[in-house]
Structures are given as C-alpha cells and as structure tokens.
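**Student:** Quick one: the structure is below, questions incoming.
The values are calculated or read from the model by the stated rules, or taken from the named source; none is laboratory data. No experiment lies behind these values; they were computed from the predicted model shown. FYI the Cβ positions are ideal-geometry reconstructions off the backbone, even for glycines, and counts take in every protein chain you see. The protein model used for the area step is the full one, side chains on, heavy atoms only, and it has no ligands, DNA or RNA in it. Shrake-Rupley method; radii C 1.70, N 1.55, O 1.52, S 1.80 Å.
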Amino acid sequence: MDAIINWLSGLSGIAVYGVVAALVFAEDALFVGFVIPGETAVVLGGVLAGQGRLSVYWLALVAVLAAVAGDSVGYAIGRRIGPGVLGARPLRRRRERVERARELVRRWGPQAVLLGRFVAFLRALIPTLAGVSRMEYRRFLLFNVVGGVLWGVGYTLLGYFAGAAYRRVESAVGGVAAAVVAGAVVIALVVWRVRAHRKGTGRSPLR
C-alpha cells in the first residue's frame with residue numbers, strides 16, 4: 001500500500017487524477033474491478049488530498065464523473081451486445097454470482113444500480129446487466145448519478161480524512177508515530193473491506 005501511495009505521490013497532480021479516473025472508469029466499463037477495485041484508487045487519492053498534494057474537490061469530481069461515465073459505457077455495451085457479453089472470460093468463472101446479480105436486477109430494477117455501486121463485484125457488473133435487460137436509460141441514469149455521487153464523494157472523503165489525520169500526527173509527534181497511525185488506518189480499511197466482501201458474498205444475493 002505504501003509503495004502505491006509513494007508511486008502516486010511522485011506523479012503530477014493531473015497524472016494522479018488521470019490514474020484515478022482511468023481505474024474507476026475501467027472498473028465499471030470493462031470489468032477491471034474484478035482485479036483492482038476503483039474504490040481503492042479513490043481512497044488512495046483521497047489520502048494524498050488529505051496530505052495537501054491534491055485538491056479534494058477536484059478528486060471527488062473526477063471520481064464521480066468517471067463512475068457515472070463508466071457505468072454508462074457498461075450499460076451501452078450490455079445493450080448493444082446483449083446476453084452474449086456474459087460469455088466473457090471474467091464472467092464465465094463466476095457464473096453463479098452472475099446469475100444472482102441478474103436476479104437482483106430483475107427484482108429491484110434501477111434501484112439495483114444504486115445498491116450495486118457499493119459492492120465491488122456488482123459495481124463492475126450491474127451496469128452491463130442493466131443494458132442487457134433493456135432497462136430504460138433515463139431511469140438507469142438517475143440511479144447511476146445518485147450512486148456515483150454518494151460513492152465518489154464518500155470514498156474520497158474517507159481517504160481524505162485518513163490522509164489529514166496522518167499529516168496532523170506527523171507534525172505533532174514525528175514520522176514514526178505517524179507511520180504507526182497510518183498503518184492502523186490501512187489495516188482498518190483492509191479489515192472493513194474484507195468484512196464488506198464477505199457480507200456481499202455470504203449474505204447477499206451473490207452468496
């Protein structure tokens with residue numbers, strides 16, 4: 001994690017915004033989220049913003065726009081290609097979870113777009129399933145935008161406050177103690193992420 005933050009911090013501000021936007025967009029449009037969840041990129045960007053290296057406002061805007069655009073492209077792919085897109089290699093290995101995600105879309109309709117925004121697997125898949133199911137785009141877009149705003153701003157602020165806390169501790173008691181605090185924050189985020197994943201795969205429709 002520290003290596004990634006150090007690599008990002010070595011880039012220019014515009015480059016960091018570009019990396020975050022690319023990962024968030026690709027997660028929603030191209031199933032990249034199965035490997036690198038976009039929320040990780042947003043949180044790390046927020047950490048840099050909390051350290052004063054980026055603008056938290058611009059980062060949140062970039063995250064929201066990339067999320068909404070990525071979902072819209074995923075929707076367009078599903079609508080244009082149809083059920084055949086579900087034969088893609090990343091999805092063939094997850095057939096049962098895909099079927100449960102399709103049931104979620106059938107049951108909840110456009111609300112599934114909002115709910116799925118906060119679960120990595122669903123976030124990468126539901127926009128495409130919405131297109132495959134021929135969901136009305138106007139309704140899809142409404143829940144896409146609401147979910148994108150809540151998700152993009154929320155994860156940006158999560159990283160921002162973690163980064164700001166690191167900066168305050170570092171100035172008060174030195175780098176060693178700050179590193180300990182930063183490590184605790186990262187561990188807490190990882191534990192939260194694992195629990196959220198287990199909840200999403202154990203008690204959700206993707207069990």
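**Student:** Counting only residues that are aromatic (Phe, Trp, Tyr) and part of a helix (DSSP H, G or I), which one in region 87-136 is least open to solvent (accessible area, probe 1.4 Å)?
**Tutor:** Residue satisfying both the conditions and the ranking: PHE121.
**Student:** Taking the conditions exactly as written (open to solvent by less than 10 Å² (accessible area, probe 1.4 Å), within 29 Å of LEU157 (Cα to Cα) and at pLDDT 80 or above), does ALA69 satisfy them or not?
**Tutor:** Numbers: open to solvent by less than 10 Å² (accessible area, probe 1.4 Å): no; within 29 Å of LEU157 (Cα to Cα): yes; at pLDDT 80 or above: yes.
In short, no.
**Student:** Just one of VAL149, VAL132, VAL145, VAL98 is in contact with a Pro (Cβ under 6 Å, 6 or more places away or on another chain) and β-branched (Val, Ile, Thr); which is it? Talk me through it step by step, then tell me what you get.
**Tutor:** Details: VAL149 fails: in contact with a Pro (Cβ under 6 Å, 6 or more places away or on another chain); VAL145 fails: in contact with a Pro (Cβ under 6 Å, 6 or more places away or on another chain); VAL98 fails: in contact with a Pro (Cβ under 6 Å, 6 or more places away or on another chain).
Result: VAL132 is the single residue among VAL149, VAL132, VAL145, VAL98 that is in contact with a Pro (Cβ under 6 Å, 6 or more places away or on another chain) and β-branched (Val, Ile, Thr).
**Student:** Let me ask something else about it. Specify the residue that is farthest from the chain's Cα centre (by Cα); the eligible residues are those in region 84-116 that are modelled with pLDDT under 90 and under 20 Å from VAL153 (Cα atoms).
**Tutor:** Looking at residues that are modelled with pLDDT under 90 and under 20 Å from VAL153 (Cα atoms), I get LEU115.
**Student:** Something else about it: Give the residues of region 115-144 that are within 15 Å of GLY82 (Cβ to Cβ) and of a type in the set (Val, Ile, Thr), sorted by residue number.
**Tutor:** Scanning region 115-144 gives THR128, VAL132.
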